[in-house]
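Undergrad: Below you will find the structure I want to go over with you.
The values are calculated or read from the model by the stated rules, or taken from the named source; none is laboratory data. The model shown is predicted, which means the values in this text are computed figures rather than measured ones. Positions of Cβ are backbone-derived with ideal geometry, glycine not excepted, and every protein chain shown enters the neighbour counts. Please note that ligands, DNA and RNA were not included when accessible areas were found on the heavy atoms of the full protein model with its side chains. Shrake-Rupley method; radii C 1.70, N 1.55, O 1.52, S 1.80 Å.
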Amino acid sequence: MLTPENVLLSAAEPLRVALLSCAHTHAAGYAALLDAREDVDLVVADPDGFGDVTAQRVVGSYDEAWAAWPEGPDAVIVTSANAHHKELVLEAARRGVHVLCEKPLATTVADAEEMVAACREAGVVLMTAFPVHFSPAVQTLRAAIADGRLGQVIGLTGTNNGMLPTARDWFTDVELSGGGSLVDHTVHVAQILDAVFGPPATVHAVTNRILSADRAGAVAETGGLVTLTYANGMVATIDCSWSQPVDAPTWGGLTLQAVGTGGQMQIDAFALHVGGPGRWLPYGVDLDAELLDAFLAAVRAGEAVAPTGDAGLATVRVVAAAQESARTGQPVALAEG
């Protein structure tokens, strides 16, 4: 872990950052933002040969990325297929390197727990890539709930709808992704809820393959609804479907509506845009940039900030319970961490 004596010295030099894998669709955006920063020396590893993520330095293997600097990287960003997160995060922990890991943190609770424990044991930062955590709209909702403007919140309705990913086939290969739309689009809303209310008591989920089943492999779900019930009786739902048509002008979006005894509030995390038929031009805060700013600052300070690895673990627990519920048709009590 960085000490107070070397924080100022490290702040005067670019951070050595390796982006591990171009498998996730977010890799290109992260690479573009990092490569443009003067305070970052970036190397991108593309072991699968996707060839569509650009940076000044792109190498063809993880070994080359680890060895790109004589002293190794200061930090890595893991943007591999979900099932490969664990091996890359554990290797970073073994080397004493800080980590930002794409969501979901892992495909099983056991793997996520091992990753969090390894990074804690090694004294390295572990954060989970939840850029929507930094949305001004989400921050406004959190503040309204915290200061009691809505009274006692009794229900929330969340949506995280998107297109079925087409540029990366692994998203619909459940061995690599861990599942379909339920895995891909539950965690962002679940993280927002967990940050405010903590874990739910029970999770109930249903899934279907009504939309785009022909493009979703043999078993991946394309639609889902997750219902979270809390100990105080509050109920929240998450629509986690791949329901955006392929000709939609944007990938999807995230909304939340909170209903309380003193009022209600509805937010749209991606409402800031202009456009028309087939056009979507966003403006305002770049959430990916905010996430990277927070991570790089955490690396320099040697201390993780939200959204942490523990936040990623909490959402993996929700997804695992939702998957069990969808299999059995019954609500599942969430195991305490």
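Undergrad: Report the relative contact order of the chain, percent, no decimals, based on alpha-carbon pairs under 8 angstrom and at least 6 residues apart.
TA: Details: 714 pairs, mean separation 66.3, N = 337.
Relative contact order here is 20 percent.
Undergrad: In 5 Å bins starting at zero, report the fraction of Cα pairs in segment 173-295 per bin as a rounded %.
TA: Using 5 Å bins, I get a P(r) of 2, 9, 15, 18, 19, 17, 14, 5, 1, 0 for segment 173-295.
Undergrad: Give the distance, in whole Å, between the Cα centre of segment 230-262 and the Cα centre of segment 121-167.
TA: 11
Undergrad: Could you tally the net charge around Ala67, taking each other residue with its Cβ under 12 Å from the Cβ of Ala67, Lys/Arg +1 and Asp/Glu -1?
TA: Working: positive: Arg16, Arg95; negative: Asp63, Glu64, Glu71.
Once all neighbours under 12 Å are counted, the net charge is -1.
Undergrad: If you average over every viewing direction, what projected area does the convex hull of the Cα atoms of segment 110-176 give, in nm²?
TA: Mean projected area for segment 110-176: 8.0 nm², to one decimal.
Undergrad: Let me have the 222 nm mean residue ellipticity of the chain computed from DSSP H runs of 4+ only, each contributing -39500 (n - 2.57), with the sum over all residues rounded to the nearest 500. Before the final figure, lay out the partial values.
TA: On the way: 10 runs with 114 residues, N = 337.
One gets -10500 deg cm²/dmol as the mean residue ellipticity at 222 nm.
Undergrad: With every protein chain left in place, what is the accessible area per residue of the chain in square angstrom, probe 1.4 Å?
TA: 43
Undergrad: Using only Cα positions of segment 36-117, each an equal point scatterer, no hydration layer, compute I(q)/I(0) via Debye at q = 0.20, 0.21 Å⁻¹ and quote the log10 values to two decimals.
TA: Listed by q, the Debye log ratios stand at -0.96, -1.04.
Undergrad: Roughly speaking, what is the centre-to-centre gap between segment 185-228 and segment 286-337 when only Cα atoms are used, to the nearest Å?
TA: Taking the Cα centre of segment 286-337 as reference, the centre of segment 185-228 is 14 Å away.
Undergrad: Can you tell me what percent of all Cα-Cα pairs in segment 226-305 are more than 18 Å apart? Please list the in-between numbers first.
TA: On the way: 2049 of 3160 pairs.
Result: 65 percent of Cα pairs exceed 18 Å.
Undergrad: Also, quick follow-up: Provide the percentage of antiparallel DSSP beta bridges, counting only those with both residues in the chain; round to the nearest 5. Numbers along the way, then the final one.
TA: Numbers: 32 of 57 bridges.
Expressed as a percentage, antiparallel bridges in the chain total about 55.
Undergrad: A further question on this structure: Residue-wise, which Karplus ³J(HN,Hα) couplings in Hz belong to segment 329-334, taking 6.51 cos²θ - 1.76 cosθ + 1.60, θ = phi - 60°, and x for glycine or proline?
TA: x, 10, x, 10, 5, 7
Undergrad: From the phi of every residue in segment 181-189, what ³J(HN,Hα) in whole Hz does the Karplus formula 6.51 cos²θ - 1.76 cosθ + 1.60 yield, where θ is phi - 60° and glycine or proline is x?
TA: 5, 4, 6, 6, 10, 8, 5, 4, 5
Undergrad: Which ³J(HN,Hα) values in Hz, rounded to whole numbers, follow from the phi angles of segment 37-43 under the Karplus curve 6.51 cos²θ - 1.76 cosθ + 1.60, where θ = phi - 60° and Gly and Pro get x?
TA: Rounded to whole hertz, the list is 8, 6, 8, 10, 10, 9, 10.
Undergrad: Here's a follow-up. Can you give me the P(r) profile for the chain? Cα pairs, bins 10 angstrom wide beginning at 0, each as a whole percent.
TA: Values per bin, smallest distances first: 6, 25, 35, 25, 9, 1.
Undergrad: Ranked highest first by the average count of other Cβ atoms within 10 Å around their residues, in what order do 51-60, 194-203, 305-314 fall? It would help to have the intermediate numbers written out before the result.
TA: On the way: 51-60: 14.8, 194-203: 18.0, 305-314: 21.7.
Top to bottom by mean Cβ count within 10 Å: 305-314, 194-203, 51-60.
Undergrad: Amide H neighbours of Ala23 under 5 Å, at least 5 residues apart or on other chains, H built in the peptide plane: list them.
TA: Ala81
Undergrad: Taking all protein chains in place and a 1.4 Å probe, what share, in percent, of the accessible surface of the chain do carbon and sulfur account for?
TA: Numbers: 7770 of 14560 Å².
Carbon plus sulfur share of accessible area: 53 percent.
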